[in-house]
Amino acid sequence: MRSFKYALLLALVAAGVLAGSPPRLRAAPSFDCKRASSIAEKEICGLPELEGLDRDIAASFTQALAALSAADADALRADQRAWLKTRDDCGDLIHGNPPIYADVFSCLREQMMARAAKLRAIAAAKQFSK
């Protein structure tokens, strides 16, 4: 009986390998997707590219805060809150019936790529200026 279970397990593993590569595990964005409330947050949770950009922004934001003076860090926090509102405005681009989200994705991608680059530049310069 034991050898039968082993052979069955081996056959299942082999079948999985032959069927193709296993699905990639996705890493979550920097926030809890169960609490996503805005259209932008829901889009980020649903698209791996945006999830990655969100994690990049969160990491770059943390690095920038660590490199800045207290006053600059406070200013960056306020700037980040303002940017989040700008990012969330991308959700207003939904149109059509049924709804078309392509413009939302493009807007989010552009906003998030620009923000990640800006945060990396702030961290490298160790100085925040609007």
Just the residues that are surrounded by 16 or more Cβ atoms within 10 Å (Cβ to Cβ), of a type in the set (A, V, I, L, M, F, W, C) and farther than 19 Å from residue 59 by Cα, please, taken from region 70-90. 90
Take the residues in region 16-58 that are outside any helix (DSSP H, G or I) and within 23 Å of residue 102 (Cβ to Cβ); name whichever of them is modelled with the lowest pLDDT. 26
For residue 128, are the conditions met, namely being in contact with a Leu (Cβ under 6 Å, 6 or more places away or on another chain) and at pLDDT below 95? yes
Tell me, yes or no, whether region 67-87 has at least one residue that is on the phi > 0 side of the Ramachandran plot and without any contact (Cβ under 8 Å) to a residue 24 or more places away in the chain. no
Mind checking which residues of region 91-112 are surrounded by 14 or more Cβ atoms within 10 Å (Cβ to Cβ) and among the aliphatic types (A, V, I, L, M)? 93, 94, 104, 108, 112
For residues that are more than 20 Å from the chain's Cα centre (by Cα) and in a loop (DSSP other than H, G, I, E, B), tally how many sit in region 95-126. 5
Looking at (1) assigned to a helix (DSSP H, G or I); (2) without any contact (Cβ under 8 Å) to a residue 60 or more places away in the chain; (3) over 13 Å from the mean Cα position of the chain (by Cα), which is the only condition residue 130 fails? (1)
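The values are calculated or read from the model by the stated rules, or taken from the named source; none is laboratory data. Since the model is a prediction, treat every value here as computed from it, not as a measurement. Using ideal geometry, Cβ is built from the backbone for each residue, glycine included, and neighbour counts are taken over all protein chains shown.
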